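Asker: Please see the structure below; I have some questions.
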Amino acid sequence: MGIRHLHTFMEKNGGFYTVNMEHEILKAKKFTENPLLVIDMKALHAIFSTDKRSLLCGSQFSVVEHMADTFFKRLTDAGAELVFYYDGTLKMNDKWIANQNEKYDRMINILDGIDAEPSLKEAADKFERTIPYNTCIKLKNVAKRHGKFIVSKDLKCDQALAIYATKFKALAVVTHDTDFLIFEGRWQLWHANHIDVNKLITKAYCKQELLRTLRLQWRQMAIWATLAGNSFFKYDELVPFLSEFGPNNQKLYRLAEYVRQLPLRNGKLDDDTVHSILGRVYWNRQVPPEAYEWFRQSVAFYQVNEPVKDSQQNDGDPFAHLLEDEHYVTYSILTDRPYTCTLLFVDYRSSEIGNYYEIIEPIIARMAGILLYHHKEERQDVTLAIKRNHHESHSVVTVPAMFPTAITPPPLIELISKDESVQASLLERKLQLWRWVCSDDLLDVEEFNTVPPAFMCTVLTLYRLRQCGAIRIFEADLLLLIAQQLSKGVFDLTLEPLPQRLNPRAFRLAFVFQNVYHHMARVAKVLGLSEEYRPMTPYDGHRFHNMYNVWTSLKVESEFQSIGDWRFYKNANST
């Protein structure tokens, strides 16, 4: 995230302080009615994933959502205006692939540890620094209740966020990215990873102190950050160059001395100077042909005097309006941007719970078929960013769209229409299409419509898992029962104890269920079904693991009475 080791550098030089967020908002209200906080969405997961034991159980979604909801409400109650920035682009490159492969390797290590059946506490302690956040927790659904939600699709998200914060005179930017120490804006930088959601305190890093420490001007900071190593100019490329500046505790100071000596004309470096810098960076090495562009792009990235481009600007994009209504998946498929497939804790080494790619690929292909049905002449495929099996690396693949033949999808404008009469007239057809995406066998099973809307996504997810042979009947029953119990408030979430140990199969199944549910809920969104049909994942990790251990050893048919009419997956035909 940004410049390597910069947070550590600032902490050694007194460039940080503790901030009470509520007090800062109240203090700022003396000068502006609603102090603006601009929040980097990707940085929020760390705040709500501090309990690694709960995370290994698959998380307690309701508890996490309530915690996030309370946190945002306290900020707005203090008088803050919240704007959330979300990255709407997938940057598929070698770095992305390497990062995904590294995450997968770490997950396999964690899975091996779970297979060894240590206690939950031992597993959490052992893997605390390598356990990723649960990306199936949809914090953006909570965030949009409390503030403006902006999707960046044109500019790099960090730059768009910094430009917005500067233009609208934000009180603070909430992020964990060191790049924001380089942008010039007068806003404060509140570190997301250090937020205490109960006390509303965090660490703040002082950009002005960094400037004073390095004795640089703002126009020089972008050059310094570029040569220190960032997302554009990779640190590994710069290691031989930086080693010339002495030991680690001196490098960033001496790099600043070097930058101070560079000639600037109208605040910029001319081409000859850039080529001279690259010659020194790659001394005794061949200068890559892309190096000049890396350098120029990096320096330009830190400029905050560019026009703000976000989801609300059309710029000739006929589908731009979809981002305003958060139809990200629809937008991605129609514009042929890579569709990402969540891979959290998925183990491709074993076929015990099926091949994850084979479970979800038809779901996405059929969803694409619905969206592209009236655009067949333009395109008949969808692009996926995916890992297909244990032996293949992450990659981008093209998958043919699967078009419905027995039912005609409504045109896009009708699918996403908010007109109540249009929604009502199309409901039966939308539900039929949703069933078809899950399985051909459900296309004409109208009895499915008797399932309450809040449980339809769960039932379809379980049907898909049963049809693929990924889940046993009692496991499907347990997951559906927990969904029903959550809706009825049968148990107190905060009092549900953590299990002592994790069953390896239950551990894997919990995350496969979450991921497939996530994709099935995306289908509901694409079909324009209201939020009651796609609630937050109805799963509680503590409850699932505690009950799983009981259900594997006892006959529990008496528990099925409340869900008996919804168990359509009992008759799922395996494929």
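The values are calculated or read from the model by the stated rules, or taken from the named source; none is laboratory data. For clarity, every value in this text was computed on a predicted model and none was experimentally measured. Every residue, glycine among them, receives a Cβ derived from its backbone with ideal geometry; neighbour counts consider all protein chains shown. For accessibility, only protein heavy atoms count, side chains too; no ligands or nucleic acids. Shrake-Rupley method; radii C 1.70, N 1.55, O 1.52, S 1.80 Å.
Asker: For Thr76 and Arg212, compute 0.36 nm times the residue count separating them, minus their Cα-Cα distance, and round to one decimal in nm.
Answerer: Values: separation 136, 0.36 × 136 = 48.96 nm, distance 3.35 nm.
So the chain would gain 45.6 nm between Thr76 and Arg212.
Asker: Let me ask something else. Viscosity 0.890 mPa s, temperature 25 °C: Stokes-Einstein D of region 319-571 from its Kirkwood Cα radius, in µm² per second?
Answerer: Details: Rh = 19.1 Å.
This corresponds to a translational diffusion coefficient of 128 µm²/s.
Asker: Can you show me the helix-derived [θ] at 222 nm for the chain, built from DSSP H runs with n ≥ 4 at -39,500 (n - 2.57) apiece and divided by the number of residues, rounded to the nearest 500. Could you put the intermediate results ahead of the total?
Answerer: On the way: 23 runs with 262 residues, N = 575.
About -14000 deg cm²/dmol.
Asker: Additional query: About the Cα centre of the chain, how large is the charge dipole given +1 on each Lys and Arg Cβ and -1 on each Asp and Glu Cβ? Please answer in debye to the nearest 20. Mind dumping the intermediate values first?
Answerer: Working: 68 positive and 71 negative charges, 332 e Å.
Taking the Cα centre of the chain as origin, the dipole is about 1600 debye.
Asker: Let me ask something additional. Per-residue HN-Hα couplings for region 36-51, Karplus 6.51 cos²θ - 1.76 cosθ + 1.60 at θ = phi - 60°, whole Hz, x for Gly and Pro?
Answerer: 8, 10, 9, 10, 7, 4, 5, 8, 7, 4, 4, 4, 9, 10, 6, 8
Asker: Could you check the simple spin-label distance between Thr273 and Tyr235, using points 7 Å along Cα→Cβ, in nm with one decimal?
Answerer: Result: 2.7 nm between the two label points.
Asker: Hey, what do the phi angles of region 449-466 turn into as Karplus ³J(HN,Hα) couplings, whole Hz, using 6.51/-1.76/1.60 and θ = phi - 60°, x for Gly and Pro?
Answerer: Residue by residue, region 449-466 yields 5, 7, 5, x, x, 5, 10, 4, 5, 5, 5, 5, 4, 5, 4, 4, 5, 5 Hz.
Asker: Let's test the formula: R0 of 25 Å, r as the Cβ-Cβ distance of Ser243 and Ile97. What FRET efficiency results, to the nearest 0.05?
Answerer: Working: r = 28 Å, r/R0 = 1.11.
That gives a FRET efficiency of 0.35.
Asker: Using a 1.4 angstrom probe, figure out how much accessible area region 6-213 has per residue, in square angstrom, rounded to the nearest whole. Show your work: numbers first, answer last.
Answerer: Working: 8880 Å² over 208 residues.
With the other protein chains kept in place, region 6-213 gives 43 Å² per residue.
Asker: Next question, about the same structure. Please list, in chain and number order, the residues 5+ apart from Ile39 or on another chain whose amide H is under 5 Å from its amide H, with Hs placed from the backbone.
Answerer: Sorted by chain and number, the residues that satisfy this are Val83, Phe84, Tyr85, Val174.
Asker: Turning to a different aspect of this structure: In whole Hz, what ³J(HN,Hα) sequence does region 485-501 give by Karplus (6.51, -1.76, 1.60; θ = phi - 60°), x for Gly and Pro?
Answerer: 5, 4, 5, 8, x, 5, 10, 7, 4, 6, 9, 5, x, 6, x, 6, 9
Asker: Give the Cα extents of region 431-575 along the principal axes, in whole Å, largest first.
Answerer: So the extents along the principal axes, rounded to whole Å, are 42, 30, 27.
Asker: Across region 216-302, how large is the tail of the calculated P(r) beyond 18 Å, expressed as a percent of all Cα pairs? Before the final figure, lay out the partial values.
Answerer: Numbers: 1415 of 3741 pairs.
Within region 216-302, distances greater than 18 Å cover 38 percent of Cα pairs.
Asker: Which value, in Å³ per residue, describes the convex hull spanned by the Cα atoms of region 12-51?
Answerer: Values: hull volume 5.4 nm³, N = 40.
Convex hull of Cα atoms, per residue: 135 Å³.
Asker: Amide H to amide H, which residues 5 or more places from Asp381 or on other chains are under 5 Å from it, using H placed in the peptide plane?
Answerer: Ala401
Asker: Next question. Positive end of the charge dipole of region 255-410 (Lys, Arg +1 and Asp, Glu -1 on Cβ, about the Cα centre): tell me which of Ala291, Pro362, Ser350 has its Cα farthest that way.
Answerer: Ala291
Asker: Under a 1.4 Å probe, what is the accessible area of region 216-302 per residue, stated in Å²?
Answerer: On the way: 4540 Å² over 87 residues.
I get 52 Å² per residue for region 216-302.
Asker: Right, next: Under 5 Å between amide H atoms, partner at least 5 residues away or on a different chain: which partners does Asp51 have, H built in plane at 1.01 Å?
Answerer: none
Asker: Please report, to two decimal places, log10 I(q)/I(0) for the chain at q = 0.10, 0.12 Å⁻¹ as given by the Debye formula with identical point scatterers on the Cα atoms and no solvent.
Answerer: -0.95, -1.31
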